[in-house]
Protein chains: 2
Amino acid sequence: MTKRVKYLLRESDMPTVWYNLASDLPGPLPPPLHPVTKEIMGPQELGRLFPASLLEQETSTQRWIDIPGEVLDIYRLWRPSPLYRAYRLEEALKTPARIYYKYEGVSPAGSHKLNTAIAQAYYNRRDKTERLTTETGAGQWGSALSVACSFFDLACDVYMVRVSYEQKPYRRSFMQTYGARIWPSPSTHTAVGRQMLERDPRSPGSLGMAISEAVTDAMADPTCSYALGSVLNHVLLHQTIIGLEVKAQLRMAQEEPDYIVACVGGGSNFAGLTFPFIGDNLQNPQGRSPRLVAVEPAACPTLTRGVYAYDYGDTAGMAPLVKMHTLGHRFVPPPIHAGGLRYHGCAPMVSALLDQGRIEARAVPQLATFAAGLLFARQEGILPAPESNHAIRHAIDLALLARDEGTEPCIVFGLSGHGHFDLSAYDNYLAGHLEDMTDAEERMGKARSQLPAVPAEEENP
Amino acid sequence: MTKRVKYLLRESDMPTVWYNLASDLPGPLPPPLHPVTKEIMGPQELGRLFPASLLEQETSTQRWIDIPGEVLDIYRLWRPSPLYRAYRLEEALKTPARIYYKYEGVSPAGSHKLNTAIAQAYYNRRDKTERLTTETGAGQWGSALSVACSFFDLACDVYMVRVSYEQKPYRRSFMQTYGARIWPSPSTHTAVGRQMLERDPRSPGSLGMAISEAVTDAMADPTCSYALGSVLNHVLLHQTIIGLEVKAQLRMAQEEPDYIVACVGGGSNFAGLTFPFIGDNLQNPQGRSPRLVAVEPAACPTLTRGVYAYDYGDTAGMAPLVKMHTLGHRFVPPPIHAGGLRYHGCAPMVSALLDQGRIEARAVPQLATFAAGLLFARQEGILPAPESNHAIRHAIDLALLARDEGTEPCIVFGLSGHGHFDLSAYDNYLAGHLEDMTDAEERMGKARSQLPAVPAEEENP
């Protein structure tokens, strides 16, 4: 009897709904506040930036939301994605643990980000948007939105943090191949970018600056909307197809997971994998529930070291205030290679779950994540994205613990994307040029002291 | 009723044998000749470079050859690979043709090359080899062998054409991630490399030089063998799992193909997809047979413009003489971006099939292949390797012809790999810097005039 390596669902068994965790949460989330007036913001105030259908999803409490047929047609190009049993990794670790991983790198954009990019492009097209703007740092999100816009004939402008634009020319080329226009941010293409360049002509840029440019660009053009790749409820919603598939695949494998592990930056990858399991537990609190572990970089320890408070989503304080785990909106993460995890805050929904004790968080240092990624690549073949290496690291640590303690847990982790565009990071690691960043402590202190003052009654509505 | 996009075989339906076309060919192939004595070479004379089990496969006439269990275990990491129906591409072309593509880019190394790399690493490990050497140009083969060696704990030294080594740093990093050592060729690591560097310290290198270095390195170390990524019979054999899967997938789709299209350089990708279909036709000549089209670059038109004659496999004339379609071993292809198709000759078995009229060949210019690849990426999502773009180009041309003529053919093409490491080529194309190479004509004339003289009785044994 040969070992089964992959658990593949048939196309006809692919989920046709997204799962909305808001339907099962005991109460509503603290509402977003206006960045200037600090008053509660309704969907109508966000309507200038996002199409109505996405804003409806943002506040929906309906449990199941139908995935439109045109979105399903495109999902089928790579979904259902495989769940793997990591036999070779288990053997290398000499662990009695059973390790599974869900691989989202099979998407043409190379990561889970395409799940929401396709949905956002579809709803924007339906609501008569002609062009989308966004920002990208590491490039995974910009790549996904570029591919999605090419499918739905939308123009796409991506503001790419200048230092990434220069360091990752192939990420830029990838997006251009799908017809997107890429602007190194700060750019001369927007007024706000020109102002930034006036102040500092050699600015390396930041995600905060790029957001400002993308938002400004979208606001100035009535045919244009803005798209965000994480944090917001509707983005997390679109990713739940990952966890819904995993549930079906674990049934095929006749497994009940003890641990579900995913890396977390803005939170959409973690949410996508875990929310359907959290929903089961909320609906049936007496049932068996896996431990759900969010893994973040020690250099940007939002969930493990941040505070749960109202803060701005962006650096400049232009975005709404949301209640979330945050290191302070002025926190600038050290230049670690998992660019997708370099965010000062975390999705409000993921933050609330941590606050309620429904999920756990762990922080891991950079060098240990690359060591884990390399071990994984040499055993399982796939070269992981540096972000995904965080989940791999913790899964390996759990498996080693199981070996030492003689337990036999079932560990499932999310492999959010491949590392084909991150080889300069691996290069640096192999050459011994990478370091664990130790200055996060000092940055955190400074940034936290600048948290905005928010009226108490609105903090606990 | 939703459209089915992917045809996926279950892991348990993956072929467990390779198909050996030599069993069904009407006669034996012209034998390889010694490069100096020009006498017929037996397997024993090649035994210094290759392990016995691979040499046995090289000359076997057994129809089905069992795939070892350990090879199957690793194949299962990405196989069976998907067969896609290209609905979106068909729609964009407004063609009544039904277009399918077999995608080999799902392998962790990114192309079909891993099919033979795994097999070669396995047999070498079984026959006590401790280290493998090889050459690589574009990098697909070096990447595949690096991954395969990491699976079987073999040391791996890759001689990479120096100009590629410098232009494609991420290819190098990818191979290093799996533990391979990469030498820019000509290198100071071998005596022959040092001689080349003495003659020209700034030599950009060539595939011929890299082969010389890899062979010299392997010959000098009794624990070491040499591995080749195409051309040889056993390499073609290992790729036949592609076509065997496609046959099963077309049965699922209830289709009989009218055309099967694949790009051809050394010939292993074309052979892998088509040999099982050719076998059917040889076994049952009265049956319906698809037209089998090998597509090559106009800048390196081995099958369409070369002669069928004995020639050296390498530039320096150190490798055995084989009867094949060749542009002359001194032919240096223009620097087109489909590096995997820049070879002066073609596999003896593929060449014999062309000579017998069992397959067809077409040559396409570079710019047209990139235009096809871009159209494909924007419709189907996947960014193809420049080599694969040759097959896409011809498939599109056939589909457009069908539209004009009002026919409804079923067209199947091989998508041999993804283009994630070829983005500088797409960059150049999008920037308008690519050209169709027009100097092939002159190069061909010169190179052909240097074909070796071979005794007539051995040319037609």
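The values are calculated or read from the model by the stated rules, or taken from the named source; none is laboratory data. Note that the structure is predicted; figures quoted are calculated from it, not measured. So basically every Cβ, Gly included, is an ideal-geometry build from the backbone, and we count neighbours across all protein chains shown. Surface areas here come from the heavy atoms of the whole protein model, side chains and all, with no ligands, DNA or RNA. Shrake-Rupley method; radii C 1.70, N 1.55, O 1.52, S 1.80 Å.
Do we have B:Ser230 as open to solvent by less than 20 Å² (accessible area, probe 1.4 Å), among the hydroxyl-bearing types (Ser, Thr, Tyr) and assigned to a loop (DSSP other than H, G, I, E, B) here? Before you say what the answer is, go through the steps one by one.
On the way: open to solvent by less than 20 Å² (accessible area, probe 1.4 Å): yes; among the hydroxyl-bearing types (Ser, Thr, Tyr): yes; assigned to a loop (DSSP other than H, G, I, E, B): yes.
Yes.
Can you find, within region B:56-91, the residue that is most open to solvent (accessible area, probe 1.4 Å) among those that are more than 17 Å from B:Val246 (Cα to Cα) and of a type in the set (Gly, Ala, Ser)?
Here the answer is B:Gly69.
Go through region B:246-262 and give me each residue that's of a type outside the set (Ser, Thr, Tyr) and open to solvent by 10 Å² or more (accessible area, probe 1.4 Å). If you could, list the steps in order and put the result at the bottom.
Just the residues of region B:246-262 that are of a type outside the set (Ser, Thr, Tyr), to begin with: B:246-258, B:260-262.
Passing the criteria: B:Lys247, B:Ala248, B:Arg251, B:Met252, B:Ala253, B:Gln254, B:Glu255, B:Glu256, B:Pro257, B:Asp258.
Which of the following residues is among the aromatic types (Phe, Trp, Tyr), within 12 Å of chain A (Cβ to nearest Cβ), out of contact with any His (no Cβ under 7 Å at 6 or more places or on another chain) and under 23 Å from B:Gln249 (Cβ atoms): B:Phe413, B:Phe376?
B:Phe376
If you take the residues in region A:384-393 that are out of contact with any Pro (no Cβ under 7 Å at 6 or more places or on another chain) and open to solvent by less than 20 Å² (accessible area, probe 1.4 Å), which one is nearest to A:Val295 (Cα to Cα)?
Among residues in region A:384-393 that are out of contact with any Pro (no Cβ under 7 Å at 6 or more places or on another chain) and open to solvent by less than 20 Å² (accessible area, probe 1.4 Å), the one nearest to A:Val295 (Cα to Cα) is A:Ala391.
Name, by its number, the condition in (1) open to solvent by 10 Å² or more (accessible area, probe 1.4 Å); (2) in contact (Cβ under 8 Å) with a residue 60 or more places away in the chain; (3) within 12 Å of another protein chain (Cβ to nearest Cβ); (4) not small (Gly, Ala, Ser) that does not hold for B:Phe174.
It fails just one condition, (1).
Taking A:His238 as meeting all but one of (1) outside any helix (DSSP H, G or I); (2) of a type outside the set (A, V, I, L, M, F, W, C); (3) under 25 Å from A:Glu58 (Cα atoms), write down the number of the exception.
Just one mismatch for A:His238, condition (1).
Scan (1) touching a helix residue (DSSP H, G or I) at 6+ places or on another chain (Cβ under 9 Å); (2) open to solvent by 20 Å² or more (accessible area, probe 1.4 Å); (3) within 10 Å of chain A (Cβ to nearest Cβ) for the single condition B:Pro32 breaks and write down its number.
Going through the list (1) touching a helix residue (DSSP H, G or I) at 6+ places or on another chain (Cβ under 9 Å); (2) open to solvent by 20 Å² or more (accessible area, probe 1.4 Å); (3) within 10 Å of chain A (Cβ to nearest Cβ), B:Pro32 breaks only (3).
If you go through region B:101-114 one residue at a time, do you hit one that is surrounded by fewer than 17 Cβ atoms within 10 Å (Cβ to Cβ) and within 14 Å of chain A (Cβ to nearest Cβ)? It would help to see each step written out before you state the result.
Quick first cut of region B:101-114, residues surrounded by fewer than 17 Cβ atoms within 10 Å (Cβ to Cβ) only: none.
No, region B:101-114 contains no residue that is surrounded by fewer than 17 Cβ atoms within 10 Å (Cβ to Cβ) and within 14 Å of chain A (Cβ to nearest Cβ).
Can you tell me which of A:Gln120, A:Gln167 is surrounded by fewer than 23 Cβ atoms within 10 Å (Cβ to Cβ), of a type outside the set (Gly, Ala, Ser) and not assigned by TED's automatic domain parsing to the domain that holds A:Glu256?
Going through A:Gln120, A:Gln167 in turn, the sole match is A:Gln167.
Failed condition for A:Pro26, given (1) surrounded by 15 or more Cβ atoms within 10 Å (Cβ to Cβ); (2) more than 14 Å from every other protein chain (Cβ to nearest Cβ); (3) modelled with pLDDT under 95, with all others met?
The number of the failed condition is (1).
Quickly run through region B:61-85 and pick out the residues that are touching an Asp or Glu at 6+ places or on another chain (Cβ under 6 Å) and more than 10 Å from chain A (Cβ to nearest Cβ).
Hit for region B:61-85 is B:Ser81, nothing else.
What number goes with the only condition from (1) part of a helix (DSSP H, G or I); (2) farther than 21 Å from B:Tyr165 by Cα; (3) touching a Gly at 6+ places or on another chain (Cβ under 9 Å) that B:Ala210 does not pass?
Checking B:Ala210 against (1) part of a helix (DSSP H, G or I); (2) farther than 21 Å from B:Tyr165 by Cα; (3) touching a Gly at 6+ places or on another chain (Cβ under 9 Å), the one that fails is (2).
Would you pick out the residues in region B:50-90 that are in contact (Cβ under 8 Å) with a residue 40 or more places away in the chain, out of contact with any His (no Cβ under 8 Å at 6 or more places or on another chain) and acidic (Asp, Glu)?
Passing the criteria: B:Asp66, B:Glu70, B:Glu90.
Quick one: is A:Glu380 open to solvent by 10 Å² or more (accessible area, probe 1.4 Å) and of a type outside the set (Gly, Ala, Ser)? It would help to see each step written out before you state the result.
Details: open to solvent by 10 Å² or more (accessible area, probe 1.4 Å): no; of a type outside the set (Gly, Ala, Ser): yes.
It is false that A:Glu380 is open to solvent by 10 Å² or more (accessible area, probe 1.4 Å) and of a type outside the set (Gly, Ala, Ser).
Quick check on region B:102-111. Is at least one of its residues farther than 25 Å from B:Gly417 by Cβ and either touching a residue at least 12 places away in the same chain (Cβ under 8 Å) or in contact with a helix residue (DSSP H, G or I) (Cβ under 9 Å, 6 or more places away or on another chain) (or both)?
no
Evaluate the following for A:Gly345: is it on the phi > 0 side of the Ramachandran plot and in a loop (DSSP other than H, G, I, E, B)?
no
Taking the options B:Ala319, B:Ala299, name whichever one is among the hydrophobic types (A, V, I, L, M, F, W, C), at pLDDT below 85, part of a loop (DSSP other than H, G, I, E, B) and open to solvent by less than 40 Å² (accessible area, probe 1.4 Å).
B:Ala319
Check B:Gly272, B:Gly265, B:Gly243 and return the single one that is assigned to a loop (DSSP other than H, G, I, E, B), open to solvent by less than 20 Å² (accessible area, probe 1.4 Å) and touching a strand residue (DSSP E or B) at 6+ places or on another chain (Cβ under 8 Å).
So the residue among B:Gly272, B:Gly265, B:Gly243 that is assigned to a loop (DSSP other than H, G, I, E, B), open to solvent by less than 20 Å² (accessible area, probe 1.4 Å) and touching a strand residue (DSSP E or B) at 6+ places or on another chain (Cβ under 8 Å) is B:Gly265.
Is there a residue in region A:35-50 that is within 14 Å of chain B (Cβ to nearest Cβ), closer than 25 Å to A:Leu244 by Cβ and either touching a helix residue (DSSP H, G or I) at 6+ places or on another chain (Cβ under 8 Å) or not hydroxyl-bearing (Ser, Thr, Tyr) (or both)?
no
Name the residues in region A:395-424 that are farther than 26 Å from A:Lys168 by Cβ and open to solvent by 10 Å² or more (accessible area, probe 1.4 Å), would you?
Pass one, region A:395-424, residues farther than 26 Å from A:Lys168 by Cβ: A:395-412.
Passing the criteria: A:Asp397, A:Leu398, A:Leu400, A:Leu401, A:Arg403, A:Asp404, A:Glu405, A:Gly406, A:Thr407, A:Glu408, A:Pro409.
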